[in-house]
Amino acid sequence: MQDEIRGRCLCGSISFTLGSALHATRACWCRDCQYLSSGNASLSLLFDSTALLVEGQPSTYIRKSDGGREIRTEFCSTCGTPLFARDLHDGAFVAVRLGSLDDRETGEPFSTIWTKSAPGWARIDVGRARSAGQPPPLQSDQ
């Protein structure tokens, strides 16, 4: 994987770089992610929060996840592009939405989570790790 990953929103008002190693990439079928992804799974890459450098000011929305955690979702208020999500109780990681990356080849999913919430037509790769709900938290020292 490249040393620095770049991305932006659709209109270009917000851009970002990531400078740390990728911890995980997940396809998430929780109902909230389906809303954010037009009914499909949301693809997110998990990085150390400190590795994210943002130019521009994302808008935020705080919600309670299907797993009961408070999540801050960040998006562009001009074009609506979903960009980041952060657990307000564990700020070690930031989830970066795959569609906002300049190079989407960076984000092949390692696993699929919240499979119990997926619609019947969903195609879930049985060759990858799966979780019916929220998997155990990542450790910040990985």
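The values are calculated or read from the model by the stated rules, or taken from the named source; none is laboratory data. Note that the structure is predicted; figures quoted are calculated from it, not measured. For neighbour counting, all protein chains shown are included, and Cβ atoms are generated from backbone atoms with ideal geometry for every residue, glycine included.
Restricting the first member to the stretch 33-49 and to residues that are buried (at least 19 other Cβ atoms within 10 Å of the Cβ), and the second to residues that are part of a helix (DSSP H, G or I), the beta-carbon pairs closer than 6 Å and six or more apart or on different chains are SER42/CYS33; SER42/LEU36; LEU43/LEU98; LEU43/GLY107; LEU45/GLY107. Among the residues in the stretch 59-66, are any in contact (Cβ under 8 Å) with a residue 12 or more places away in the chain and crowded, with 22+ Cβ neighbours inside 10 Å? No. Filtered by the rule that a residue be of a type in the set (Val, Ile, Thr) and at pLDDT 95 or above, the stretch 5-54 gives ILE14, THR17, VAL54. Screening ARG69 on (1) surrounded by 17 or more Cβ atoms within 10 Å (Cβ to Cβ); (2) closer than 21 Å to SER111 by Cα; (3) not polar (S, T, N, Q) shows it passes everything except condition (1). For the stretch 67-90, does any single residue satisfy the condition of being charged (D, E, K, R) and not in a strand (DSSP E or B)? Scanning the stretch 67-90, I find at least one residue that is charged (D, E, K, R) and not in a strand (DSSP E or B), so the answer is yes.
All conditions but one from (1) at pLDDT below 95; (2) in a strand (DSSP E or B); (3) more than 22 Å from ALA132 (Cα to Cα) apply to GLN2; the one that does not is (2). Taking the conditions exactly as written (at pLDDT below 95, buried (at least 16 other Cβ atoms within 10 Å of the Cβ) and not aliphatic (A, V, I, L, M)), does GLY133 satisfy them or not? Here the answer is no, as GLY133 does not meet what is asked. If you go through the stretch 97-142 and keep only what is part of a strand (DSSP E or B), within 14 Å of ALA27 (Cβ to Cβ) and either of a type in the set (Val, Ile, Thr) or within 13 Å of the chain's Cα centre (by Cα) (or both), you end up with ARG97, SER111, THR112, ILE113. Does at least one position in the stretch 97-116 carry a residue that is hydrophobic (A, V, I, L, M, F, W, C), out of contact with any Gly (no Cβ under 9 Å at 6 or more places or on another chain) and free of Cβ contacts under 8 Å to residues at least 40 places away in the same chain? Checked against the condition, which is being hydrophobic (A, V, I, L, M, F, W, C), out of contact with any Gly (no Cβ under 9 Å at 6 or more places or on another chain) and free of Cβ contacts under 8 Å to residues at least 40 places away in the same chain, the stretch 97-116 yields no hits at all. Check whether at least one residue in the stretch 17-27 is among the basic types (Lys, Arg) and either free of Cβ contacts under 8 Å to residues at least 12 places away in the same chain or surrounded by fewer than 16 Cβ atoms within 10 Å (Cβ to Cβ) (or both), and report yes or no. No - not one qualifying residue is present in the stretch 17-27.
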